[in-house]
1. Place a point 7 Å from the Cα of T635 along the Cα-to-Cβ direction; which residues of segment 554-573 have their backbone N under 11 Å from it?
2. Explain nothing, just the number: relative contact order of segment 158-237, from Cα pairs under 8 Å at least 6 residues apart, as a whole percent.
3. Summing -39500 (n - 2.57) over the DSSP H runs of n ≥ 4 in the chain and dividing by its residue number, what mean residue ellipticity at 222 nm do you reach, to the nearest 500 deg cm²/dmol?
4. Can you list the residues, at least 5 places off or on another chain, whose amide H is less than 5 Å from the amide H of Y202, using H built in the peptide plane?
5. Between K422 and E295, what is the label-to-label distance in nm when each label sits 7 Å out along the Cα-to-Cβ direction?
6. Can you compute the modelled spin-label distance between R234 and D281, with each label point 7 Å from Cα toward Cβ, in nm?
7. Please turn the phi angles of segment 428-445 into ³J(HN,Hα) values with the Karplus equation 6.51 cos²θ - 1.76 cosθ + 1.60 (θ = phi - 60°), one per residue in order, whole Hz, x for glycine and proline.
8. Take the Cβ-Cβ distance between D92 and E154 as r, set R0 to 25 Å, and report the resulting FRET efficiency rounded to the nearest 0.05.
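Please treat every number below as a calculation from the coordinates, not as lab data. Note that the coordinates shown come from a computational prediction; the quantities given were computed from them, not determined experimentally. Virtual Cβ from ideal backbone geometry, glycine too; neighbours counted across all protein chains shown.
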Amino acid sequence: MTSPMSLPEAKLDAALAEADLRVLLMVVYHLTGDDHWLSEPFLPQRDVNLIADEDAGLSPEAQAELRATAKALLSAGTTHPAINDPAERMPDLMQTCLGERVPAEYATMMREEMGFADRRIKWSGPSMADRAKHPVIIIGAGASGLTVGYNLRELGIPFVILEKNDEVGGTWLENRYPGCAVDTPNHAYSFSFGSREPWERYFSKRDALLRYMISRSQEFGLREFIRFGTAVTRCDWDEGSACWRVQCTGPDGAQTLTGMALISAIGPLSLPSKAPIPGADNFNGPLFHSAEWPEDLDVTGKRVAVIGTGASSMQIVPTIVDRVASLTVYQRTPQWVRHIPRFQDQMTEGQCWLLENVPFYAEWFRFTMLWRYGDGLLRTLKRDPDWPHPERAMNRMNDRHREQMAAHIEQELDGRPDLLAKCMPIYPPYAKRILLDNGWYQALCKPNCELVTDHIERITAGGVQTKDGTDRSADIIVLATGFKVFQNAARLNVTGRNERRLEQDWADDDPKAHLGITAPGFPNMFFMQGPNTVLAHGGSAIFTSECQARYAVGAIVRMLEDGIAALDVRQDVHDDYMARVDAEHRELVWNHPGMKPWYRNAKGRVAAAIPWRLVDYWTMTREPDLDEYHLTRETGT
């Protein structure tokens with residue numbers, strides 16, 4: 001880290017010239033405590049762009065004064081801020097920073113996200129970690145598994161992480177297809193704890209995210225607790241000893257581990273869904289799911305077929321289109337795509353320096369990203385019973401979003417009426433996963449690219465045949481067909497209390513869990529990224545992982561402190577929660593009859609997406625309510 005005092009004046013000036021002034025304003029306020037900065041002419045204007053203009057709408061005079069003050073403070077080496085944790089002023093500061101109303105209920109949540117308040121669960125008195133007769137068993141070393149492990153290690157509670165791969169990272173390890181990247185701003189898609197990452201892009205590529213996961217596993221001291229190359233084969237609840245018996249196979253062969261609690265951190269996006277297309281076994285070339293992209297595959301000069309037009313396809317196609325001889329994209333349903341200005345931008349050298357060196361800058365920059373990609377969209381996705389055009393939009397604002405996205409598609413496909421007819425959706429915006437345009441339409445317009453909307457009849461030895469009888473040759477076929485999101489922990493071969501089987505309870509792609517975290521009949525078992533916790537309206541999956549980890553680890557702490565051998569969520573509590581989830585979803589866009597998003601199962605129930613605001617879920621998972629559980633006490637307590 002470079003001290004601002006040691007930075008040459010010209011470089012400091014250059015860095016401040018690239019600062020986001022709404023963020024710099026908060027830095028100056030922290031360092032001075034002067035309310036002068038929270039009034040005109042320094043009030044930022046509201047900017048709804050995900051990557052907002054750095055000048056914050058301030059006048060040239062106000063910009064110059066703000067930068068000059070920041071320079072003086074940083075050059076003087078101000079190391080003792082006037083205000084460190086702005087607990088009382090947080091609602092006002094959030095609103096000032098964004099130039100828009102921010103409900104006060106977000107204040108504590110955002111203080112945690114920014115690192116001003118500690119999210120970690122704590123012992124109510126002296127540590128009771130030595131009461132743990134067996135370790136907690138975590139399955140999966142992706143972001144969720146690392147989050148749980150971090151919390152347990154901080155508390156001194158014994159644990160082990162079982163990871164089937166040879167490295168951490170989960171989805172960022174397994175998915176290595178061309179163009180693979182995060183579609184959430186990575187300054188929000190990162191842990192609220194630990195050191196801040198000097199991200200070089202607004203939306204980082206897969207390799208940067210994998211490096212981040214590996215470095216944090218090292219920083220958090222978790223690698224010694226991870227058993228790599230270890231796959232779980234079955235999990236059984238032992239009622240007599242109130243513990244889990246987990247069978248696994250690894251480098252040392254088959255073994256059975258005993259755990260006081262079992263935490264599934266395998267997530268919903270870890271089991272590829274391979275469309276059962278007739279003739280697939282007869283294809284002469286490489287045929288694989290996008291999540292299983294061969295490391296040594298060279299597509300240069302090849303005829304490539306990509307089946308599917310979801311998130312993975314929209315990253316693959318623009319990345320390879322200029323390298324292949326031909327690219328045929330097979331589409332079942334057109335997608336609404338959100339245009340994000342500056343989506344491909346890299347952070348400048350000055351911006352990276354500010355984030356890494358200036359106190360409070362990274363914290364407030366993270367806040368702006370969290371807010372813009374958070375709850376604001378959800379209210380526009382709810383059904384307005386008085387809206388006269390329910391077939392095309394949920395409400396007036398949703399219809400305005402439709403007009404904006406339709407205009408973007410028309411602009412991108414100007415002169416290509418053939419593509420426009422294929423690419424314009426008829427259902428409401430956001431009814432399927434939010435997709436971001438990173439050159440998708442430009443790729444479709446390339447002379448070597450064809451978008452096919454006819455139904456696929458079969459795969460032949462030399463390519464793909466559609467229902468109209470057309471054969472299109474291919475050297476490589478990529479299945480960008482998504483994941484089996486509804487199986488989640490049910491594929492771990494789990495047997496709970498009274499021989500209850502999780503795969504039976506969650507049969508027919510219909511998983512259910514209280515808060516997405518616990519299910520009746522499976523004591524001391526917790527799900528990370530479980531049913532109805534996918535953030536379909538925006539936000540970061542790491543945020544929900546941290547909420548779930550706090551809840552699960554909080555329950556384990558209570559067990560150790562209160563002498564509880566087993567806790568099992570009550571059926572009535574579980575059923576009431578699921579009834580509320582389903583009722584809320586009936587009013588939201590993912591239940592619209594005009595299409596079928598992957599959030600909805602074959603029965604028509606939305607079983608993946610979360611219906612709540614981030615702040616609602618944060619509140620629900622803040623502390624486990626043990627009155628909602630059947631408790632089995634330790635003998636003698």
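1. Label zone hits: none.
2. Normalised by residue count, the contact order of segment 158-237 is 52 percent.
3. Computed ellipticity for the chain at 222 nm equals -9000 deg cm²/dmol.
4. M347
5. In this crude spin-label approximation the distance works out to 3.5 nm.
6. It works out to 2.8 nm between the two label points.
7. Working through the residues one at a time gives x, x, 6, 5, 10, 3, 5, 10, 10, 7, 10, x, 4, 5, 5, 5, 4, 7 Hz.
8. Result of the calculation: an efficiency of 0.20.
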